[in-house]
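The values are calculated or read from the model by the stated rules, or taken from the named source; none is laboratory data. What you see is a predicted model; the values in this text were computed from it and never measured. Here the Cβ positions follow ideal geometry from the backbone for every residue, glycine too, while neighbour counts run over all protein chains shown. Surface accessibility is based on the protein's heavy atoms, side chains included, excluding ligands, DNA and RNA. Shrake-Rupley method; radii C 1.70, N 1.55, O 1.52, S 1.80 Å.
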Amino acid sequence: MYDSEADVLEQSPSSGFDALNTIDQRHENYHLAQSRGRGTRRVAGAQRRLTRGKTHLLEMCGIWAVFGSNKAAIQHVGGSFTKISHRGPDAMRIESNSIIKSSLLGFHRLAIIDSLYGMQPMRLHKYPHLILLCNGEIYNYQELQAQDKYEYETSCDVEPILHSYQIHGADTTVRSLDGVFAFCLLDTEKKKILVARDPYGVRPLFKLYSDSGMLALCSESKGLMGLMETMNGDSGKLEPFLPGHYEEYSILENGSVELSKRVHYHKPGDKPSFHVYVPWERLSSPDVSENIRSLLHGAIKKRLIADRRIGCLLSGGLDSSLVAALVTKLAKENNFPYKIQTFSIGMGESPDVTAARQVANHIGSAHHEISFTQEDVAEVLDDVIYLLETCDITTVRASIGMYLVSRYIKQNTDTTVLFSGEGADEVAQGYIYFREAPSPKDAHDESARLLNDIYLYDGLRADRTISGHGLELRAPFLDLQFTNYYLSLDASTRQPQGGVEKYLLRTAFDNMNLLPKNILWRHKEAFSDGVASIKKSLFQVIQEIVEKRVTDNELEEAKVIYPHCTPKTKEALYYRKVFETHYKGQAEKFVPYFWMPRWVQGVTDPSARFIPHYAADE
């Protein structure tokens, strides 16, 4: 990688970097990672045999950039940059550019054990005028190299973004990527900036754009809130960068930036523009079940490339169980030198813990059961809301267990990459309220809507709770080829059948012995029931906690103080109060609406437990 035109900023109180311990920790953290690797070199070799060559995926990280910044913003950059250090705990770097004034680019890295390549900002000898910040994985990077004869200088999967941009331009580049990503590419020659995010927003990105032409980008909004305070009357807007979009900015002579183009390049269910992992001709068979199995198998296989140990979150429900079973099966077939670890969490002998134990025994995983108490919930609740950057009721509830299990994994194991079942409920109509859909078209449209907004709810929950502990999420149900095919099937076949949600997905794996029969057909659980003891649900636990933290008078005043998404319960109000202490005034952009079931009369709480025909495991 080429360092011309870049200045790596050193720690200096006068330059606003006193909050940083060190700016470029590449070599120190590499050796530290080697000493803590616990045999990871051996692990990586077996996993790489899934591909045709050596692989160094960048994995989860945090990106931060600002263009057209004022002196006050530069003074604040150290504190802002370190707000997202949890996303890349192994190394950090931030640099300015001698050509583009008033610009800073920063990167927090989850280190790759086998290579120093991958530290960013990335630039190449061949294209020294291009600088890339990218959080993500590009699964078809080898195919792109073969297709266009790129001469790679690193072993990093995001390198083709630089080659493709130089040769083909912005639009072709973004559409050619099979992966999950949020990236910022600076072209110092054309004085342009390209910003893009993957179609379902699996990788997060926020932008702050001011009237004066300052553009700031960050993986999480907490890294930009401090900059808002430096704007001194300059009006600006902080908001999530929309999934499936890319934007181009021109850099003006004074260093400020101007939006020149915004393109919505991919909508939920669109056919991918790239050469797909499973050839389309293999899906010409009228056997829909076989096609579904092939596509989910392919979505998982392409995601098994990693230099760190792989594990699975396992609730014992359909989605996570299918993923864990397929991951474990593929790991055995490819002779991984370790057992896949699976992780379940609950309050004692909860329904999820019991079901997950059965699945783990069936698939032969190295299983961990984590138990939590009401005291644990009370202890972490505020931290969860801060990490999430939302006050949505169901998102906060469902994040508590995921936060606690991720914390356990980080503290007690060497697993770093976590597969999860996010996206299945949205794609395959897994929510119980889909039984009430007025028509197949209404149900299809609801799937598309949920996928369009998943980055604000379930996708956000999975990313923040996992990345908040320096781990990486992989969500195969959100694979672009899988979602395209599944949503293209006859709408009536995708609806619940006989009161069973995700019927089509379940039938695709019936009689395959991949999972126990009772797990394959286990009904959808409300999260608060699944992880809790039969005697007391998580919903009840939370009510008891917030009752002590919110007064009746505060609840009465909430409708005046919070006209948008007005809290109507003490639980909702408590979440909003904590949210406002960290993200004051951002609720309209971060939480456009409370997630709620549709087509169900008289339901005012998002939990499935309030839908009339819901019945938890006894």
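A few notes on this one:
- So residue 197, is it free of Cβ contacts under 8 Å to residues at least 60 places away in the same chain and open to solvent by less than 60 Å² (accessible area, probe 1.4 Å): yes
- Any hit, the stretch 532-545, residues being modelled with pLDDT of 95 or more and crowded, with 22+ Cβ neighbours inside 10 Å: yes
Yes/no per residue for (1) under 25 Å from residue 267 (Cα atoms); (2) modelled with pLDDT of 95 or more; (3) surrounded by fewer than 23 Cβ atoms within 10 Å (Cβ to Cβ):
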| site | (1), (2), (3) |
| --- | --- |
| 109 | no, no, no |
| 118 | no, no, no |
| 121 | no, no, no |
| 137 | yes, no, no |
| 167 | no, yes, yes |
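- Conditions (1) at pLDDT 95 or above; (2) over 14 Å from the mean Cα position of the chain (by Cα); number of the one not met by residue 432: (1)
- Helices (runs of 4 or more DSSP H) lying entirely in the stretch 386-492 (those with 3 or more residues that are more than 26 Å from residue 523 (Cβ to Cβ)): 393-412, 458-467, 480-488
- Of all the residues in the stretch 129-148, those that are in contact with a Gly (Cβ under 9 Å, 6 or more places away or on another chain) and touching a residue at least 60 places away in the same chain (Cβ under 8 Å) number 7.
- Some residue of the stretch 575-582 being more than 30 Å from residue 137 (Cβ to Cβ), of a type outside the set (Lys, Arg), open to solvent by 60 Å² or more (accessible area, probe 1.4 Å) and in a helix (DSSP H, G or I): yes
- Residues in the stretch 429-451 that are of a type in the set (D, E, K, R) and closer than 16 Å to residue 503 by Cα: 435, 436.
- The combined condition, being more than 19 Å from residue 195 (Cβ to Cβ) and open to solvent by 30 Å² or more (accessible area, probe 1.4 Å), is not fulfilled by residue 260.
- Criterion applied to 403, 408 was being open to solvent by 10 Å² or more (accessible area, probe 1.4 Å), of a type in the set (Phe, Trp, Tyr), at pLDDT 95 or above and in contact with an Asp or Glu (Cβ under 9 Å, 6 or more places away or on another chain), and the one residue passing it is 403.
- For residue 382: the one exception among (1) surrounded by 21 or more Cβ atoms within 10 Å (Cβ to Cβ); (2) closer than 30 Å to residue 592 by Cβ; (3) not β-branched (Val, Ile, Thr): (1)
- Some residue of the stretch 282-297 being closer than 30 Å to residue 585 by Cβ, of a type in the set (Lys, Arg), open to solvent by 30 Å² or more (accessible area, probe 1.4 Å) and at pLDDT 95 or above: no
- Hey, residue 254 at pLDDT below 95, in contact with a helix residue (DSSP H, G or I) (Cβ under 8 Å, 6 or more places away or on another chain) and loosely packed, with under 15 Cβ neighbours inside 10 Å or not: no
- Residue check for residue 126: of a type in the set (D, E, K, R), open to solvent by 10 Å² or more (accessible area, probe 1.4 Å) and modelled with pLDDT of 90 or more: yes
- In the stretch 169-194, residue surrounded by the most Cβ atoms within 10 Å (Cβ to Cβ) [restricted to those that are under 29 Å from residue 299 (Cα atoms) and among the acidic types (Asp, Glu)]: 178
- Qualifying residues in the stretch 288-310 (those that are among the aliphatic types (A, V, I, L, M) and assigned to a loop (DSSP other than H, G, I, E, B)) - the one nearest to residue 489 (Cα to Cα): 304
- Any hit, the stretch 315-331, residues being over 27 Å from residue 429 (Cβ atoms) and either open to solvent by less than 10 Å² (accessible area, probe 1.4 Å) or in a helix (DSSP H, G or I) (or both): yes
- Index of the failed condition, residue 352 passing every other in (1) modelled with pLDDT of 95 or more; (2) part of a helix (DSSP H, G or I); (3) within 18 Å of residue 409 (Cβ to Cβ): (1)
- Long-range neighbours under 8 Å by Cβ, at least six apart or interchain, first residue in contact (Cβ under 8 Å) with a residue 60 or more places away in the chain within the stretch 484-511, second outside any helix (DSSP H, G or I) and among the hydroxyl-bearing types (Ser, Thr, Tyr): 501/431
Conditions tested, residue by residue: (1) under 25 Å from residue 190 (Cα atoms); (2) at pLDDT below 65.
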position	(1), (2)
52	no, yes
57	no, yes
61	no, no
64	yes, no
74	yes, yes
82	no, no
92	no, no
101	yes, no
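- Remark: pairs (first residue in the stretch 201-224, on the phi > 0 side of the Ramachandran plot; second residue surrounded by 23 or more Cβ atoms within 10 Å (Cβ to Cβ) and outside any strand (DSSP E or B); Cβ separation under 6 Å; 6+ apart in sequence or on different chains) = 201/243; 201/455; 201/459; 213/68.
- Qualifying residue in the stretch 497-506 (condition: touching a helix residue (DSSP H, G or I) at 6+ places or on another chain (Cβ under 6 Å) and open to solvent by 30 Å² or more (accessible area, probe 1.4 Å)): yes
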